[in-house]
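The block underneath contains the structure these notes are about, expressed in structure tokens.
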Amino acid sequence: MTNKQVRQKYEAYVLPNYSKAGIAFVRGSGSWLWDADGNKYLDFFPGWGVNGLGHCHPKVVSAIRDQAGKLLHVSNNYDHPWQGALAEKISKSSFGGLVFFSNSGAEAIEASIKLARKWGNNEGRYEIIAMKNSFHGRTLAAVSATGQTKYQEGFTPLVEGFLHVPFNDLGGVERAITGKTVAVLVEPIQGEGGIHVATKEFLQGLRKLCDQRRLLLILDEVQTGMGRTGKMFCYQHYGIKPDVMTLAKSLGGGVPIGAMVVDQKLNNVLVPGTHATTFGGGPLVTRAGLAVFDVIQKGKLAQRAARMGNYLRKRLERMAMKYLVIHEIRGKGLMVGVELVQSGKEIVAECLKRKLLINCTQEKVLRIMPALTVTPAELDQGLEILEGVLAVT
Ligand SMILES: *Cc1c(COP(=O)(O)O)cnc(C)c1O
């Protein structure tokens, strides 16, 4: 089978809601991918952040293999050994909260919106202050929470009760609070929004504000979580704790799993009958999540992400002095944005031709998020390709 043959089946039978590169991948290992035509690619944006440990990490693969032969699914009316075990890992490595498992980031956000509304319901509070330029997923409530009209156009009426204020503007949040406000929802680093990092003043100020005004602080760590930024969770850079945190993407090392982590004080909000999911927290995906935790913790991959991120940043900053097309470099750990003075679309396309996968978001921001297991030699290789492209841009 070739890339082209695979594409033909898609065109005939799959809903065309994605923009496509015309490449079909058939195998992956670490930071490397192979397509149906036998080409090999270096992946600096593995699975939009899902493959945090790279492709097919052997520890994750063997956990999935073992689990697939034991038990694939039981309903959430029964227990199985792995859901509680993964919840314990998440809880103990964050703020000691309780976990609800979903199947995706958007569903974790949905759960957090329902939790906040249920919590504020007796007092008639339901408004959530979210950020401009944010991204929280594509379900109707998540897209309503998202602060970008391009994702909302054509889907009105949106879910009501969301206000959007500029990111990193504490005064803006304060001014938006009304008697109906129940929560503040924010990404510690806006990912899809172009790798904008929250300032210390902002997140610490939000924590104080939420305490003073009795609001829930909900941190969306779907993209920033699991070691990506140099700490297990990005909020840990800031000396604060959220009331609610959402996770997904790299939590399962490649299988679909999301989670909402909730402070213990909110343990009586989502009681039986209020919220549920059929697939959430099943044996297969939670086993995978346990393997992911094990690999990150034993391999000290968060610290590694910080080191590799510094190396990546230094090299990019040297490039920025040479190539005027680079406007600014932002990020933390292995979550890096390179803002250009022009569109990045052609650069991404040219990198792809030279067998390097990167992403471009918000038209001008190259997003580079290599696997936490990336080696310095692989970083060098990818950066040489990128530099070669910038040199002819
Ligand atoms: C990707 C993403 C989501 C949505 O996750 P899905 O699994 O695609 O539903 C939500 N929030 C953030 C910050 C994300 O990066």
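The values are calculated or read from the model by the stated rules, or taken from the named source; none is laboratory data. In this text the structure is predicted, and so the values were computed from the model without any measurement. Reconstructed Cβ throughout: ideal geometry from the backbone, glycine too, with neighbour counts over all protein chains shown. Heavy atoms of the whole protein, side chains included, go into the accessibility calculation; ligands, DNA and RNA do not. Shrake-Rupley method; radii C 1.70, N 1.55, O 1.52, S 1.80 Å.
Pick out, in residue order, every one of the trypsin sites (Lys or Arg not before Pro) in segment 281-327 that is DSSP loop and has at most 15 other C-beta atoms within 10 Å; say none if there are none.
LYS300
What does the charge count around PHE135 come to, taking other residues whose C-beta lies under 10 Å from its C-beta (Lys +1, Arg +1, Asp -1, Glu -1)?
Overall, the nearby charge balance is -2.
Treating only the Cβ atoms of Lys and Arg (+1) and Asp and Glu (-1) as charged, compute the dipole magnitude of segment 339-386 about its Cα centre; round to the nearest 20 debye.
160 debye
Take the Cβ-Cβ distance between PHE155 and VAL14 as r, set R0 to 35 Å, and report the resulting FRET efficiency rounded to the nearest 0.05.
In this case the efficiency is close to 0.95.
How much length is gained on full extension from VAL74 to GLU387, taking 0.36 nm per residue of separation minus their Cα-Cα distance?
Stretched out fully, the VAL74 to GLU387 stretch lengthens by 107.7 nm.
Quick one: dipole size for segment 70-127, taken about the Cα centre, charges +1 on Lys/Arg Cβ and -1 on Asp/Glu Cβ, in debye to the nearest 20.
So the magnitude is around 100 debye.
Can you tell me the dipole magnitude for segment 243-385 around its Cα centre, using point charges on the Cβ only (Lys, Arg +1; Asp, Glu -1), in Debye to the nearest 20?
Roughly 360 debye, rounded to the nearest 20.
Determine the distance separating the Cα centre of segment 135-214 from the Cα centre of segment 230-276; give it in Å without decimals.
Cα centroid to Cα centroid, the span is 17 Å.
In the chain, if the dipole is taken from +1 on Lys/Arg beta carbons and -1 on Asp/Glu beta carbons about the Cα centre, which of PHE233, ALA306, LEU203 is farthest to the positive end?
Farthest towards the positive pole: ALA306.
What is the spin-label model distance, in nm, from GLU317 to LYS353 if the labels are put 7 Å beyond Cα along the C-beta direction?
Distance between the two pseudo-spin positions: 3.2 nm.
Which chymotrypsin sites (Phe, Trp or Tyr not before Pro) from segment 134-182 combine a DSSP loop assignment with at most 16 other Cβ atoms within 10 Å?
Those that pass, being in a loop and sparsely packed, are PHE155.
Could you pull the Rg and Dmax for segment 317-393, using just the Cα atoms, both in Å?
Cα radius of gyration and Dmax of segment 317-393 are 11.5, 31 Å respectively.
Which pairs break 21 Å Cα to Cα here: LYS70/LYS249; LYS59/LYS300; LYS118/LYS265; LYS20/LYS345; LYS231/LYS300; LYS132/LYS200?
LYS70/LYS249
Please compute the length gained on full extension between THR178 and ASN267, using 0.36 nm multiplied by the number of residues separating them and subtracting their Cα-Cα distance.
Residue separation times 0.36 nm, minus the Cα-Cα distance, leaves 29.5 nm.
Quick one: with all protein chains in place, what share of the accessible area of segment 286-354 is carbon or sulfur, to the nearest percent (1.4 Å probe)?
C and S fraction of accessible area: 53 percent.
Counting other Cβ atoms within 10 Å, keep those with at most 15, restrict to DSSP loop, and tell me which chymotrypsin sites (Phe, Trp or Tyr not before Pro) in segment 9-39 are left.
Passing both the DSSP loop test and the Cβ count: TYR18.
Determine the relative contact order of the chain: mean sequence separation of Cα pairs under 8 Å and six or more apart, normalised by residue count, in whole percent.
Relative contact order comes out at 22 percent.
At a Förster distance of 51 Å, what's the computed FRET efficiency of GLU363 paired with ASP66, Cβ-Cβ distance as r, to 0.05?
Result of the calculation: an efficiency of 0.70.
Can you compute the helix-only [θ] at 222 nm over the chain? Use -39500 (n - 2.57) per DSSP H run of at least 4 residues, normalise by all residues, nearest 500 deg cm²/dmol.
So the calculated ellipticity at 222 nm is -11000 deg cm²/dmol.
Assign one of three labels to segment 254-295, namely rounded, prolate or oblate, based on the Cα gyration tensor with a ≥ b ≥ c the square roots of its eigenvalues; rounded applies when a/c is under 1.5, prolate when it is not and a/b is larger than b/c, and oblate otherwise.
oblate
I'd like the Kirkwood hydrodynamic radius of the chain, using the inverse of the mean 1/r over distinct C-alpha pairs, in Å.
Over the chain, the inverse of the mean reciprocal pair distance is 21.7 Å.
Does segment 158-263 classify as rounded, prolate or oblate by the C-alpha gyration tensor (a ≥ b ≥ c root eigenvalues; a/c under 1.5 gives rounded; else a/b over b/c gives prolate, otherwise oblate)?
prolate
Compute the length gained on full extension between LEU140 and GLU346: take 0.36 nm times their separation in residues and subtract their Cα-Cα distance, giving the result in nm to one decimal.
That pair, LEU140 and GLU346, stretches by 71.0 nm at full extension.
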